[in-house]
């Protein structure tokens, strides 16, 4: 087979593979928004153009190698034309060897070009797939969050009678009802009550404290370690972040204007009238 035929067949095969990969529809593309679709298309087009450039360079290089081999063989042939028969035969053999070497070198260059084009295509496909994977819209995340909240609510409704009974009656200890009448202050001495020893309880019930990913109400907000006296924005202690069953985590009940809320992996007691952090437990969840 001639070198130019090999190059043409290899080039057409690579271009056909690139076009076939470019037009394969993906089910996930229907769910992407316009911005991510455009980006994925641009990445795909750039990969196709790059693969074509690699293919053309390989073809040009193979052509140059072939022309150089032809010129070298022609030079040897011209020299042997003026030489005796023995020298002429040796020149013919030398010219044939050069021709074969040039053909093998052209084939190696073509194969390298094909492999390079395949690598470019695979890299482009991985990049497009990563773009599609990152295209996880806010609606899906919100639905996941709602499903998790429903599962937590179902779990709370289905917990045992003994837990519900303990939750209704645990505020009797150390006269909690008297403190319920005073909404102006929060007694930090609850940590001295062995009933609320959440650390020991967490060691044997780690799954209870594993709530999954925390979604901040603001995208630009990142975790900051808060202390008592800090005033939060109202969205951080909205009802979606409330710890509705403090006893489940062995926390004292929140009375009056106070609510236990989740803040990343911390548990905060917040005055929902003013937003002030009244109590804080760092690294409470995980």
(request) Please give the contour-minus-distance gain from residue 38 to residue 60: 0.36 nm per residue of separation, less the Cα-Cα distance, rounded to one decimal in nm. (result) 4.6 nm
(request) Take the Cβ-Cβ distance between residue 273 and residue 199 as r, set R0 to 25 Å, and report the resulting FRET efficiency rounded to the nearest 0.05. (result) 0.25
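Computed from the coordinates by the stated procedures, all read-outs in this text should not be read as laboratory data. Keep in mind it's a predicted model, so treat the numbers as computed, not measured. Quick reminder, even Gly has a Cβ in these numbers, built from the backbone with ideal geometry, and neighbours come from all protein chains shown.
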